[in-house]
Amino acid sequence: MKIIFITIMMLTVLISCSFGIDLLLGFEMKTAWRNAVSPFRVMEVPEYFVFVFLIAIYLLKKLYSLTNKWISRKLAKILE
């Protein structure tokens with residue numbers, strides 16, 4: 001429960017910082033809110049590549065882990 005609370009608090013602080021910076025830069029309230037709430041609209045092409053790369057690394061690690069577990073179970077059954 002504490003981890004969820006800390007995560008929500010960090011999200012709130014980061015969104016409010018982003019919102020405040022956008023307001024200080026002179027954006028309208030509507031634009032600042034849209035930028036703070038939906039960050040994928042303001043991402044540029046290199047940021048999309050980095051985002052997709054990080055997601056791919058995560059998925060490949062999970063796939064590797066599942067494959068190793070599956071192989072080790074199969075070998076354990078064979079060796080029994």
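Readers should treat all values here as calculations from the given coordinates under stated rules, not as data from a laboratory. On a predicted model such as this, the values are computed, not experimentally measured, just so you know.
Numbers for the structure displayed
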read-out	value
Mean Kyte hydropathy of -1.0 or more with a Cα span along the axis of at least 20 Å, helices from DSSP in the chain	2-24, 45-79
Rounded, prolate or oblate (a/c below 1.5 giving rounded, otherwise prolate when a/b exceeds b/c) for the chain by Cα gyration tensor	oblate
